[in-house]
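First up is the structure itself, then whatever we jot down about it.
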Amino acid sequence: APPAATDVPVNLSADHVEGTQPNTLKATGDVHIVKGDEEYYADWADYDDPSQHIKAGDKVRMEKNGAVMTGRDLDYFIDRAEGTMQDPEYQFAGGVGRGDAVDMLFNGQNKYRFNSGRFTTCPVQTDDWYIHAQHLDIDYNINKGEATNAWLEFKGTPILYMPWMNFPLDDGRQTGFLSPALAINNRNGIDVTLPFYWNIAPNYDATIYPRYFGKRGLMVGAEFRYLQPNYAGTIRADYLDDKEADAGRYDLYFKHAQKLADRLSLSLDIEKVSDDNYFNDFGDRAAVASQTNLPRQGILTYAGDGWSSSLNWLHYQTLQNATHTNDIPYALSPQLTFSTAPKLIDGVQTNFSAEFTNFTSETKTNGYRTWVYPSVSMPFIASYGFVTPKIGVHATNYQLSSPNGDDMGSQNRVLPIMSVDSGLVFERDLNIKDEGFVQTLEPRVYYLYIPYKNQSNLPNFDSAQTDFSYSQLFSENRYTGNDRINDANEITLALTSRLFETDTGIERLRATVGQRFYFSSPQVSLDSTSLPETNKSDLLVSLGGQVWRNLNASYDLQYDLQQKSTGYQSVGLNWAPGEQKVLNVRYVLNRTVAIEQLDVSGQWPVSQNWYALGHVNYSLLTADKKPLDTLLGLEYNGGCWGLRLAAQRYVTSDGGNSNTYYFLLQLGALGGLGTNPVSTLRQAIPGYTDIFPTK
Amino acid sequence: CGFHLRGKGDTAGFAYPQVYVEGGGGTAEQLRSYLPLLDGIKVSKTPVENATAKVVIIGEKVDNIVLTINSSGQATEYKVVLTVSFSAFRPDATALMTDQKVTLSRSYSYDPNNPIAMNGESDRLVRDMQQDAVQLILRRINAVAARDKANAQ
Amino acid sequence: AKADREEKIHIQADQGNFDQKTNTGVYIGNVIVTQGSMTLRSDKLTISQDADGNQFSQGQGNPVKFRERGDDGTWITAESLRYDYNGKTGLLTLIDKANVHKDQDEVIGDIITYNLNTDQYEAKTTGKSGSRVNITITPKKKASAPAAAARPAATNASEAQ
């Protein structure tokens, strides 16, 4: 029996119709057939309603939910959406794609095959790029395009031949070749990556990325990701038989997080590379800068009711560099921590934290270190201020041994820690250009007493000097970690003023001035050197916030009044007046790490579709007086395609440089063609916004 | 010059007598331990209908970004950024504010020879920012609640 | 339907006369022709028969209205300003503002010619600008069988009342 007629009437109009029952029509003369939202125009058309079959010619135009196809000789079954058309020119709804072909097949709802055809996402009259293919399959049900014997034409010149390629019609995840990445680098020569994404299952996917280096050969990398309700993780490995270095080079990366039980969770973070120069050659700037110590870590954490505990194994692979040898850090084998804050008495905060660590090292003193730190504080908080007396005892025990295991005895240290933190809050209402603000004035006084105990005979496993910054003003210990507890008989005075928007309570500006006064000069130092005699700390000034509509500024100063010298000074300006318009300037002087730098970065439209971007990090130190990291780029937004050119040069740990030229041609929804340096740009230029229309 | 000690009614304390804090992470923990210290504020374990305001800490993200490098390309300063997103609901469960963001950052000098200490410093700065975030969140809730009440009259 | 062709034909009109010699009848004013389920209303009707018994009729009205029940029970209606029926060729021609309705299907055109023997029809325009043939086919309920064609004209002698 003929297929059930769908419930939509068919209307046919023409100059002349010959019909036979049941409803088989032969129409000529400007024929126009309408069925639901489908319309067909032709010079002549034979329509057989029972079988929903249209044969139309010579010139035919077909419109269906926004898509328009014009061509010759349509032979089509409306209900099954199957048929053929000759010489089609097609345009899909919403400008998601158009083109033409020798002939086309309709393979069901929203599925088309174009033979020897062209496809582009550019609007009509802009023929900037086309995919030519012997067969082009477009399926808008799963938003995937596939082309065989395809070649890419850009502005009239063929630029890439692919025996098989697929491309997303939107940005969903689907299996296939991602956009090839192209770069040229002084250390590796040509650097071409052709990633293949494999969408195995909704919660598993893999990316295989063969990466060819002109000077070094083919590196094969693979990344496998898994996501389950209780665990998720990533495994990545790269291997290269390096022609230039004449050695096998690899990197391994394994990150895993798992909820073992209701309150017990595990996290693993294992990274390893084959040699010290690996990131200099194959990493990007951030990798070079941060990858000095590669962690191999496992942490088990348990969250109880009102208490928590963790067990932590941590070893490092330390990458040495030519300019100076890096100290191999201690390993935690393992470290057990425990902390709780039981509510014993109303209004009284009791805290108890404890830690046992087995510090191991091949070269330095090993040891078991156990400390406990119970403390009690009675915060009194009122609307106009607060007073928080706190008293605690920090007790530590060391069982030391030399690297090869012979006993070096034990050490103990018990220190009471007493502090009184107090502050007042003054407020007033303020109107600036008829916008209501609340300005606060918050004086704060913090007294800390810790008796002196000579700790130069204690090992230093995990203590280091911290910056004398705003947050350090009110902390109990200027050293991080637990091997050095500074003696203190000091009072810290600070005055903070903040500006809040009355209606929203959002903080717009904050200014703080603070200084610490020592009743007795601090003596505990990290090593055995003695600290200079002093009765007051540096002066600390910190300002920051939104100073104008879209201008943020910050200023931080740490000034030594005695020596009239600046320990730390940084000035930051960030102006982001609009989309793709941002300028950042930062000057920083930091004696602790001996840097003085000017950092300028920005993104700005330079003409109708061209955007310039750049980042320069210039070291002002007399020894350097050179840029450490320079990035310059140009981006063109051609509507349905985009071009990204960027050049980056940064210093590497082996005393050399890495110069990379990125090239990315992004064709509409096809993803990019060439290295996609967006992540590098976003890191280098705070406030950078991507300019490409991701359809 | 117009400054006065902050009074009870203004933006101090917490806008509603009973509150429930939902969500995990350091900021939520610090909020749960700070609120009971305010006089007249009761922190309940479960959201009691029509009596308890609710503060939901939707998410908390910590990013450690390389801020500056030295001449051999090694990180000399890191910036740790804390982003807390939260919503607040009145006792009658209607939304006072949704998907608000508080972003704070601190920079610290980085010593490549002592990564364990650096992790410790980063954690300490995160805890300090979480305390700051608690105050900023309460400021916002109290300000919007105060305007709420003013409009209601 | 086909069965109607065997029924007798009745013609009513305000006035009518029949010329035995030429075997032609002319009826004027509210002419109603009925044959079985078929009824045909027109203002003027001329009906005649040739030697072999084939019948010819022409009519005009404002409009001429035709109604008949098809074999499958569905009603068929048609209208036009003039119509011409040729029993010999089996061709029924509706002329000027012609339209045919069957079930919910509809054919509209200037001239609709229907071949009663081959069940084929043809709809044309007079070529005047803007005039078009317009056909609407509504989807059939799955159960309905294809309907028989309409056959308005009589095949045997007519009888005046």
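Distance between the pseudo-spin-label points of A:Leu620 and A:Ser309 (7 Å out from Cα toward the beta carbon): 5.3 nm. Pairs exceeding 27 Å between alpha-carbon atoms, taken from C:Lys65/C:Lys88; C:Lys65/C:Lys124; A:Lys64/C:Lys65; A:Lys390/B:Lys8: A:Lys64/C:Lys65.
Which one of A:Leu264, A:Val220, A:Ile235 is farthest out on the positive end of the charge dipole of the range A:209-304, using unit charges on Cβ (Lys, Arg +1; Asp, Glu -1) and the Cα centre as origin? Positive-end residue among those listed: A:Leu264.
In percent, rounded to a whole number, the relative contact order of the range A:218-257 is 38, using alpha-carbon pairs under 8 Å and six or more apart. For the range A:523-632, the set of GluC sites (Glu not before Pro) satisfying both a DSSP loop assignment and a count of at most 11 other C-beta atoms within 10 Å is given as A:Glu533, A:Glu579. Computed over neighbours whose Cβ is under 14 Å from that of A:Phe114, the net charge equals -3, Lys and Arg +1, Asp and Glu -1. Contact with the other protein chains removes 10 Å² or more of accessible area, compared with the isolated chain and a 1.4 Å probe, from these residues of the range B:71-105: B:Ser71, B:Ser72, B:Gly73, B:Gln74, B:Ala75, B:Thr76, B:Glu77, B:Tyr78. Average accessible surface for the range A:96-223: 44 Å² per residue, computed with a 1.4 Å probe over protein heavy atoms with every protein chain in place.
Chain B packed on chain A takes about 4900 Å² of accessible surface away from a 1.4 Å probe, both sides summed. Across the range A:82-226, the convex hull enclosing all Cα atoms gives 128 Å³ per residue.
The distance separating the Cα centre of the range C:46-113 from that of the range A:429-450 comes to 97 Å.
Which cross-chain or sequence-distant (5 or more) residues have an amide H under 5 Å from the amide H of A:Val414, H modelled 1.01 Å from N in plane? The list, which skips near neighbours in sequence, is A:Thr396.
How much of the accessible area of chain B, in percent, comes from carbon and sulfur atoms when a 1.4 Å probe is used? Carbon with sulfur: 51 percent of the solvent-accessible area. Computed from the Cβ-Cβ distance with R0 of 25 Å, the FRET efficiency linking A:Val547 to B:Asp99 stands at 0.45. Helical content of chain A, expressed as a calculated mean residue ellipticity at 222 nm, amounts to -500 deg cm²/dmol (DSSP H runs of 4 or more residues, -39,500 (n - 2.57) each, divided by residue number, nearest 500).
Which aspartates and glutamates have a Cα less than 19 Å from the Cα of A:Lys433, not counting those fewer than 8 places away in the same chain? The qualifying aspartates and glutamates are A:Glu501, A:Asp503, A:Glu507. Within straight-line reach of A:Lys255, meaning a Cα separation under 22 Å, sit the following lysines at least 8 residues removed in sequence or on another chain: A:Lys272, B:Lys61. Largest GNM mean-square fluctuation across B:Ala88, B:Ala51, B:Ala28, computed for chain B with C-alpha springs under 10 Å, falls on B:Ala51. Per residue, the accessible area of the range A:570-623 comes to 48 Å², computed with a 1.4 Å probe over protein heavy atoms only.
The stretch between A:Gln411 and A:Ser51 holds 120.1 nm of extra length on full extension. This uses 0.36 nm per residue minus the Cα-Cα distance. Of the solvent-accessible surface of the range A:541-600, computed with a 1.4 Å probe over protein heavy atoms with every protein chain present, carbon and sulfur atoms account for 59 percent. Subtracting the Cα-Cα distance of A:Leu539 and A:Glu362 from 0.36 nm times their residue separation leaves 59.6 nm of extension gain.
The modelled label-to-label distance between A:Leu634 and A:Leu160, using points 7 Å beyond Cα along the C-beta direction, is 2.1 nm.
For the range B:1-100, GluC sites (Glu not before Pro) meeting the loop criterion (DSSP other than H, G, I, E, B) and having at most 16 other Cβ atoms within 10 Å: B:Glu49. For the pair A:Asp690 and A:Asn230 in one chain, pulling the backbone fully straight at 0.36 nm per residue adds 162.2 nm over the alpha carbon distance.
B:Ser33 label point, 7 Å along Cα→Cβ, cut-off 12 Å on backbone N: hits in the range B:86-127? Answer for this model: B:127. Charges were assigned to the Cβ only: +1 to each Lys and Arg, -1 to each Asp and Glu. The resulting dipole of the range A:1-156 about its Cα centre is roughly 380 debye. Oblate is the label for the range B:1-66, because a/c, from the alpha-carbon gyration tensor with a ≥ b ≥ c as root eigenvalues, is 1.5 or above and a/b does not exceed b/c. If R0 equals 56 Å, the separation of the Cβ atoms of A:Tyr555 and A:Ile142 corresponds to a calculated FRET efficiency of about 0.55. Annotation: amide H-H contacts under 5 Å for C:Phe56 (H modelled 1.01 Å from N, sequence separation of 5 or more, or interchain): C:Ser48, C:Gln49, C:Asp50, C:Gly87. Computed over protein heavy atoms with a 1.4 Å probe, the carbon and sulfur contribution to the accessible area of the range A:205-314 reaches 58%. Phi angles of the range B:30-42 translate, via the Karplus equation with coefficients 6.51, -1.76, 1.60 and θ = phi - 60°, into HN-Hα couplings of 5, 5, 5, 8, 7, 4, x, 6, 7, 6, x, 10, 10 Hz per residue; Gly and Pro are given as x. Using only side-chain charges placed at the Cβ, +1 for Lys and Arg and -1 for Asp and Glu, the dipole size of chain A relative to its Cα centre rounds to 2200 debye. Based on Cα contacts under 8 Å between residues 6+ apart, chain B shows a relative contact order of 23 percent.
Hey, how many Å between the Cα centroid of the range A:1-74 and the Cα centroid of the range A:617-658? After rounding, the separation between the Cα centres reads 61 Å. Accessible surface buried at the C:A interface totals approximately 1900 Å², computed with a 1.4 Å probe on protein heavy atoms.
Charges were assigned to the Cβ only: +1 to each Lys and Arg, -1 to each Asp and Glu. The resulting dipole of chain B about its Cα centre is roughly 480 debye. With R₀ set to 60 Å, the beta-carbon distance separating A:Ala261 from C:Asp52 gives a calculated FRET efficiency near 0.05. Charge tally around A:Ser274: other residues with Cβ under 10 Å, Lys/Arg +1 each, Asp/Glu -1 each, net -3.
Shape index of the protein assembly as shown: Rg/Rh, with Rg the Cα radius of gyration and Rh the Kirkwood radius from the inverse mean 1/r over Cα pairs, equals 1.19. Note on the range A:52-114: dipole from Cβ charges, positive end direction compared against A:Met69, A:Thr84, A:Gln109; the farthest Cα belongs to A:Gln109. Placing unit charges on each Cβ (+1 for Lys and Arg, -1 for Asp and Glu) gives chain A a dipole about its Cα centre, and among A:Pro123, A:Val585, A:Thr496 the Cα reaching farthest toward its positive end belongs to A:Thr496.
The values are calculated or read from the model by the stated rules, or taken from the named source; none is laboratory data. On a predicted model such as this, the values are computed, not experimentally measured, just so you know. Every residue, glycine among them, receives a Cβ derived from its backbone with ideal geometry; neighbour counts consider all protein chains shown. Calculation scope for accessible area: heavy atoms of the full protein, side chains included, ligands and nucleic acids excluded. Shrake-Rupley method; radii C 1.70, N 1.55, O 1.52, S 1.80 Å.
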